[in-house]
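Asker: Below are the structure tokens for one structure; questions will follow.
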Amino acid sequence: MPHAVCENRPLSGRSISNILKMAVVRTKGERPREHEVSGHSLRVGAAQDLLTDGHDLAVIMRAGGWRNVSVVSRYISLAEHNIWKDV
């Protein structure tokens, strides 16, 4: 199938993963390991961005569709967030 043809269907999880991996190759110059980057990475990154933008846990959980505090807490614990920077 030619690259210039757009199909009217949603992207599969595999397609999204491949698109993200190609973006990493363009930025870093090397392909990431198999489970290093995935569609789920976008969800985790969005949660971390919301935290650093000052949103509370309830907002982050609602945006990401999480119901379990321990799951989202594990993701945002890796964010580089300094609560004292604006004090």
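Asker: Count, please, the residues in segment 52-65 that happen to be in contact with a Phe, Trp or Tyr (Cβ under 9 Å, 6 or more places away or on another chain) and either at pLDDT 90 or above or within 17 Å of ILE19 (Cβ to Cβ) (or both). If you could, list the steps in order and put the result at the bottom.
Answerer: Going residue by residue through segment 52-65, those that are in contact with a Phe, Trp or Tyr (Cβ under 9 Å, 6 or more places away or on another chain) are 60, 64.
Now restrict to residues that are either at pLDDT 90 or above or within 17 Å of ILE19 (Cβ to Cβ) (or both): 60.
Result for segment 52-65: 1.
Asker: In segment 4-54, what count of residues is obtained for those that are touching a helix residue (DSSP H, G or I) at 6+ places or on another chain (Cβ under 8 Å), of a type outside the set (D, E, K, R) and under 25 Å from TRP66 (Cα atoms)?
Answerer: 16
Asker: Hey, does segment 37-46 have a residue that's at pLDDT below 80 and not in a helix (DSSP H, G or I)?
Answerer: yes
The values are calculated or read from the model by the stated rules, or taken from the named source; none is laboratory data. These numbers come from a predicted model, not from an experiment. All Cβ positions, even for glycine, are placed from backbone atoms using ideal geometry, and neighbour counts span all protein chains on display.
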